[in-house]
């Protein structure tokens with residue numbers, strides 16, 4: 001029962017998380033910001049709008065939003081939300097693979113438009129993706145090697161068992177690596193800017209430029225869901241004690257899940273507020289550092305234990 | 001000395017299979033006057049033979065036994081014989097799959113060569129497959145080396161089929177040089193083992209206990225020799241030159257199958273003849289694999305010739321297979337036999353997968369070449385609307401090779417990651433090394449995704465970049481059929497990886513006898529097999545639900561409109577090309593690629609009015625620049641000095657011969 005419940009909770013809450021981050025960012029920047037439930041209104045509006053498709057596009061452009069949505073839902077279903085189970089073993093490598101599938105589908109759709117702005121976004125997105133994946137896998141392996149599995153639910157359960165050592169130096173280094181990955185995967189400052197429509201600075205948004213109406217709505221929703229899934233992954237791996245099956249009751253687990261997501265969302269808003277976007281050529285440094293932190297985490301484990 | 005089962009598995013099949021391909025070759029040659037018939041018989045026969053090879057491989061894998069037949073034994077050291085065991089069968093499966101796709105497509109594709117040595121080409125192809133088959137089935141060093149060298153030479157004939165072109169001859173020459181360099185190491189390694197082990201039979205060699213140093217020397221020599229043929233970095237230089245210049249179905253055979261035969265050599269030596277070794281063997285193979293994977297795909301991203309991209313990506317995939325093999329050796333040295341079998345299975349599965357999607361992609365590249373007359377990505381674009389079926393099938397190949405779920409490339413990469421995870425549990429230093437290896441493997445995966453988004457997006461999507469694309473149409477029926485077969489198998493293995501893992505696991509479990517027990521500890525096929533399908537299934541279900549819900553919400557207006565590019569009409573030149581698309585990665589990895597760029601302006605009126613701007617960009621091939629160029633130069637200098645003894649006088653040469661004879665007699669006495 002917990003698996004469909006957790007997934008449904010995530011599907012419903014995804015736009016709210018985005019709203020929370022935008023509102024919090026507004027307040028932090030001394031603006032009023034949009035109301036937290038604004039994303040629902042935006043999606044509802046897009047659902048009723050008509051679609052304009054670019055002339056050069058083929059079936060790839062039309063199919064891509066649905067592939068992106070399906071792969072993102074699949075990825076979200078793998079992450080333990082309120083209990084230590086995901087679909088099947090809920091594998092971390094499969095999680096990375098499904099995110100990559102969504103990224104590739106969207107990049108192909110962007111190339112299908114023939115628009116140079118979309119092409120620019122696609123070119124940058126896949127280049128960035130090539131750097132994000134090693135950082136993600138390094139962070140995941142830093143946590144997976146000590147427990148001997150890449151199954152997310154089992155990783156969370158085993159980490160909950162070891163007690164406070166799961167928050168030792170080794171874990172903190174891995175957490176830092178995965179937080180950088182989360183910023184990259186959610187397309188946020190300092191790696192990308194989710195609010196800009198200035199062509200020269202955008203990565204993810206550039207690929208969406210030619211989408212409109214329902215297709216755009218599907219893609220926007222998939223972006224929200226991906227954000228929730230990535231933050232949910234961090235929440236489950238680093239604060240596993242509130243999961244059902246790791247010592248918590250269902251009520252506590254649901255409350256803690258919402259609280260963890262909100263906390264991570266606020267953290268992202270704060271990071272966005274105090275940082276400027278990095279030049280794209282500086283991104284490899286940041287992501288290589290993240291990957292190295294994953295390796296350092298294992299060194300720290302060898303030194304301090306945990 | 002006949003031994004074996006009944007029916008399909010009977011010993012006669014072992015002889016009949018290479019014989020069948022020889023028959024195809026001979027009949028294609030005899031029909032030289034009727035190129036159409038020769039093509040149909042040669043390639044059609046090869047496709048039938050490929051089905052036979054697959055059937056034999058499946059039978060051996062399911063039965064889990066080995067069969068052998070001795071053919072000819074004039075002297076104790078000179079025996080010709082064939083033998084198949086589960087390890088050979090795993091590679092036989094890849095050979096069958098790759099050959100099936102390539103020959104099926106060639107029935108239509110090779111029509112182009114009908115007036116251009118077509119029958120010769122068909123015969124050489126069939127002969128090539130026959131020799132590769134014998135390498136896999138060889139039961140002794142002598143048979144192995146004989147077939148190996150014949151394979152290399154027939155491969156040369158295939159590479160230089162279009163020998164009128166200067167670049168083809170040059171590529172063929174480099175292939176021949178590197179191939180013989182590799183063969184020299186293989187011969188030396190095998191003879192070293194045979195001399196010290198006292199037998200020429202592979203099975204016999206495996207039973208002989210040898211000193212550790214002897215084993216180390218043999219392993220390094222054989223690894224170097226086979227890695228050269230497999231195209232691993234840094235002995236890869238021939239591959240990106242030779243594979244693109246061959247006809248496309250030959251490229252498919254060479255990349256899809258011949259590289260696997262070289263990998264078979266590594267597997268046979270590492271896991272059977274020498275049966276594992278110290279952990280550093282494994283780390284060496286692992287490092288070689290990661291180097292090949294990352295540098296191979298990075299270089300692929302910089303190329304604009306479609307077939308060169310595919311050739312470089314073959315280097316990446318060979319690297320991934322080697323990562324699996326390396327992890328298996330490390331795990332075996334650590335005594336974790338079950339995990340070692342899993343790691344070896346990962347390598348075997350990726351070898352099979354690569355045979356499938358690389359032959360698909362090379363055939364697809366051939367179809368694009370045929371339809372447009374160019375392989376230059378900068379001149380392509382918009383093909384998906386002109387050849388929709390061909391394009392859709394090639395998309396499956398691109399997604400498979402980019403290791404995306406739910407396709408087969410992901411299944412084998414997932415298993416390789418699991419192998420690295422197991423490697424990481426062998427020690428604390430190993431943990432850090434395994435995490436680094438996983439990060440590099442993920443890097444190569446991410447770069448592969450970028451590479452094939454670039455290939456597919458630039459060639460098939462958007463607007464055409466040159467008039468060459470305008471008249472393009474679907475590929476012929478045989479080619480589409482072959483592409484569909486390969487795409488179907490990619491999808492099948494991707495959706496049900498458990499079946500393939502279970503089957504190939506028998507080969508990994510059966511390598512030496514004491515590994516057989518470890519096969520039981522392989523992960524249950526269902527667990528690994530169901531996850532991608534289940535997750536994507538839930539995703540698709542919910543996406544379909546949303547689609548339906550939106551439908552119920554009422555119809556939304558739909559129209560096609562012009563693309564907004566700041567108010568100008570969209571032109572195809574505004575699009576990103578293949579070079580522009582890879583620009584961020586070129587800059588990210590500038591330390592490895594050393595990009596250079598020069599801009600030359602012709603002024604109408606300096607410094608205000610430019611008449612013509614020429615931009616030239618290039619990247620440096622670091623390994624060739626720092627390893628091969630100095631070596632070649634030194635060799636040429638040495639050869640120049642040797643000219644002193646080359647006077648051209650016949651009497652002097654006779655003296656040399658006499659002196660050599662005396663020396664040999666003195667030494668060998």
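Every number in this text was worked out from the coordinates using simple rules, so none of it is lab data. The structure presented is a predicted model; accordingly, all values stated were derived computationally and were not measured. Positions of Cβ are generated from backbone atoms using ideal geometry, with glycine treated the same way; all protein chains shown enter the neighbour counts.
Odds and ends about this structure:
- Taking packing as the residue-averaged number of other Cβ atoms within 10 angstrom, the listed peptides B:176-185, B:346-355 run from highest to lowest as B:346-355, B:176-185.
- Among A:63, A:14, A:109: highest mean-square fluctuation, GNM of chain A, C-alpha pairs under 10 Å: A:63
- Dimensionless Rg over Rh [the protein assembly as shown; C-alpha; Kirkwood]: 0.99
- Convex hull of Cα atoms in region B:1-133, direction-averaged projection (nm²): 8.5
- Kirkwood radius for region B:222-341, taken over all pairs of different Cα atoms as the inverse mean of 1/r, rounds to 14.4 Å.
- Counting only other chain Cβ atoms within 10 Å of each residue's Cβ, the peptide B:566-579 averages 3.
- Compared with the dominant Cα axis of chain B, that is its longest principal axis, helix B:279-302 is turned about 30°.
- Ranked by the mean number of other Cβ atoms within 10 Å of their residues, highest first, the peptides B:569-579, B:447-457, A:294-304, B:327-337 come out as B:447-457, B:327-337, A:294-304, B:569-579.
- Taking the DSSP bridge list for the protein assembly as shown and keeping only pairs wholly inside it, about 80 percent are antiparallel.
- Gap separating the Cα centres of region B:263-295 and region A:127-173, nearest whole Å: 28
- A straight line joining the Cα centroids of region A:27-77 and region B:574-629 runs 37 Å.
- Take each residue in A:287-295, count the other chain C-beta atoms within 10 Å of its C-beta, and the mean is 3.
- Rg over Rh for chain A works out to 0.96, both radii taken from alpha-carbon positions and Rh defined as the Kirkwood radius.
- Volume of the convex hull of region A:104-208 (Cα atoms only), normalised per residue: 106 Å³.
- For region A:1-152, the share of alpha carbon pairs falling in successive 5 Å distance bins from zero is 2, 8, 12, 14, 17, 19, 16, 9, 4, 1, 0 percent.
- For region B:287-365, alpha-carbon Rg over 2.2 N^0.38 Å: 1.23
- Building the convex hull from the alpha-carbon atoms of chain B and averaging its projection over directions returns 38.2 nm².
- D_trans [Stokes-Einstein, Kirkwood Rh over alpha-carbon pairs] for region B:71-208, 10 °C, 1.306 mPa s, µm² s⁻¹: 95
- Tilt relative to chain B, helix B:212-230 - C-alpha long axis, 0 to 90 degrees, to 10: 40
- Cα pair count fraction exceeding 12 Å, expressed as % - region B:594-657: 80
- Space enclosed by the convex hull of the alpha-carbon atoms of region B:329-381, per residue, Å³: 91
- The Cα-based radius of gyration of region B:136-242, divided by its Kirkwood radius, gives an Rg/Rh of 1.06.
- Shielding by partners - mean other protein chain Cβ count within 10 Å, residues of B:640-648: 0
- Along each principal axis, taking the top coordinate minus the bottom one, the Cα set of region B:535-585 gives 41, 32, 13 Å in descending order.
- With Cα atoms defining each centre, region B:15-70 and region B:385-447 are spaced 33 Å apart in the structure.
- For chain A, built as a Gaussian network whose Cα springs stay under 10 Å, the top-fluctuating residue of A:11, A:281, A:239: A:281
- Each peptide in B:470-476, A:186-192, B:205-211 gets a packing score, the mean of other Cβ atoms within 10 Å over its residues, and the list from highest to lowest is A:186-192, B:470-476, B:205-211.
- Rh (Kirkwood; distinct C-alpha pairs) - region A:182-251, Å: 14.2
- Compared with the dominant principal axis of the Cα atoms in chain B, helix B:525-552 is inclined by about 10°.
- Stokes-Einstein D (µm²/s) once Rh is taken as the Kirkwood radius of region A:125-182 over alpha-carbon pairs, at 4 °C in 1.567 mPa s: 108
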